[in-house]
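Undergrad: If you scroll down you'll find the structure; I have some questions about it.
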Amino acid sequence: MRRLMGAIMQAKSFAALLFAGLVCLYMATGFLCDKFLHQSFDYTIPFIFILQGLLLSVLVAVLWGVLFSDRVIKKWRYFPRLITFAFSLMVLLAACLLTFFALPTNWAKLWLFVAACVSGGLIVLSISGEIYLRATGKRYTEILKDYQSRQRTD
């Protein structure tokens with residue numbers, strides 16, 4: 001139960017971070033569209049965007065937790081996890097696009113652009129995290145080997 005609650009708290013925190021990022025980036029890009037493209041942005045967020053943002057955030061946080069931790073999938077290497085994550089993000093963005101055909105709203109293109117930017121940022125974040133972890137692992141392996149060789153000579 002303790003591990004489950006820990007995983008839920010991590011997913012909840014990550015989902016909240018993603019949702020806040022989506023909303024802030026949407027408002028910032030709306031402001032930029034208003035100032036530089038001279039399009040009238042009304043500085044409100046339609047309810048469908050809120051629902052999609054919540055759903056996207058929760059689903060992405062769950063995907064991240066499932067694919068990039070060893071709690072559920074234990075034996076996959078990093079690259080298949082990344083490909084599965086990227087494909088899942090594309091499916092989620094396509095689902096967002098399909099809802100805009102059913103419920104047309106203004107600024108849907110901007111919302112999809114923002115969601116795609118956040119998705120791309122997540123992919124870059126996962127790749128940079130993997131590079132950092134590999135570099136740190138190599139450094140600690142070298143330190144351990146140095147320590148072991150000094151222990152043998154003493």
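The values are calculated or read from the model by the stated rules, or taken from the named source; none is laboratory data. Here the structure is a predicted model, which means the values were calculated and not measured. Every residue, glycine among them, receives a Cβ derived from its backbone with ideal geometry; neighbour counts consider all protein chains shown.
Undergrad: Working only within region 9-24, note down all residues that are closer than 18 Å to Leu51 by Cβ and crowded, with 18+ Cβ neighbours inside 10 Å.
TA: Ala15, Leu18, Phe19, Leu22
Undergrad: All but one of (1) touching a Leu at 6+ places or on another chain (Cβ under 6 Å); (2) part of a loop (DSSP other than H, G, I, E, B); (3) aromatic (Phe, Trp, Tyr) hold for Phe85; which doesn't?
TA: Of (1) touching a Leu at 6+ places or on another chain (Cβ under 6 Å); (2) part of a loop (DSSP other than H, G, I, E, B); (3) aromatic (Phe, Trp, Tyr), only one is false for Phe85: (2).
Undergrad: Within region 99-120, how many residues are without any contact (Cβ under 8 Å) to a residue 60 or more places away in the chain and either under 25 Å from Cys24 (Cβ atoms) or of a type in the set (Asp, Glu) (or both)?
TA: Step one: filter region 99-120 for residues without any contact (Cβ under 8 Å) to a residue 60 or more places away in the chain, giving 99-105, 108-109, 112, 116, 119-120.
Keeping just the survivors that are either under 25 Å from Cys24 (Cβ atoms) or of a type in the set (Asp, Glu) (or both) gives 99-100, 103-105, 108-109, 112, 116, 119-120.
Residues flagged as without any contact (Cβ under 8 Å) to a residue 60 or more places away in the chain and either under 25 Å from Cys24 (Cβ atoms) or of a type in the set (Asp, Glu) (or both) within region 99-120 amount to 11.
Undergrad: For Arg71, are the conditions met, namely being among the charged types (D, E, K, R), surrounded by fewer than 14 Cβ atoms within 10 Å (Cβ to Cβ), at pLDDT 85 or above and farther than 15 Å from Leu122 by Cα?
TA: When the stated conditions are applied, Arg71 does not pass them.
Undergrad: Going through region 83-96 one residue at a time, which ones are hydrophobic (A, V, I, L, M, F, W, C) and either surrounded by 13 or more Cβ atoms within 10 Å (Cβ to Cβ) or in contact with a His (Cβ under 6 Å, 6 or more places away or on another chain) (or both)? It would help to see each step written out before you state the result.
TA: Taking region 83-96 first, the residues hydrophobic (A, V, I, L, M, F, W, C) are 83, 85-87, 89-96.
Within region 83-96, Phe85, Ala86, Leu89, Leu92, Leu93, Ala95, Cys96 meet the criteria.
Undergrad: Kindly indicate whether any position in region 102-114 is out of contact with any strand residue (DSSP E or B) (no Cβ under 6 Å at 6 or more places or on another chain), at pLDDT 90 or above and either closer than 19 Å to Ala11 by Cβ or surrounded by 16 or more Cβ atoms within 10 Å (Cβ to Cβ) (or both).
TA: yes
Undergrad: Same structure again: Given (1) in a helix (DSSP H, G or I); (2) surrounded by 11 or more Cβ atoms within 10 Å (Cβ to Cβ), where does Ile45 come up short, assuming only one miss?
TA: With respect to (1) in a helix (DSSP H, G or I); (2) surrounded by 11 or more Cβ atoms within 10 Å (Cβ to Cβ), Ile45 is out only on (1).
Undergrad: If I go through region 104-152 residue by residue, how many of them are at positive phi and either under 18 Å from the mean Cα position of the chain (by Cα) or assigned to a helix (DSSP H, G or I) (or both)? Even if it seems obvious, please write down each step before you answer.
TA: Filtering region 104-152 for residues at positive phi gives 107.
When the remaining residues are screened for being either under 18 Å from the mean Cα position of the chain (by Cα) or assigned to a helix (DSSP H, G or I) (or both), the result is none.
Summing the residues that are at positive phi and either under 18 Å from the mean Cα position of the chain (by Cα) or assigned to a helix (DSSP H, G or I) (or both) in region 104-152 gives 0.
Undergrad: Only residues that are without any contact (Cβ under 8 Å) to a residue 24 or more places away in the chain and either part of a helix (DSSP H, G or I) or more than 15 Å from Lys109 (Cα to Cα) (or both): list them for region 18-41, please.
TA: Selection gives Ala20, Cys24, Met27, Ala28, Phe31, Leu32, Asp34, Lys35, Phe36, His38.
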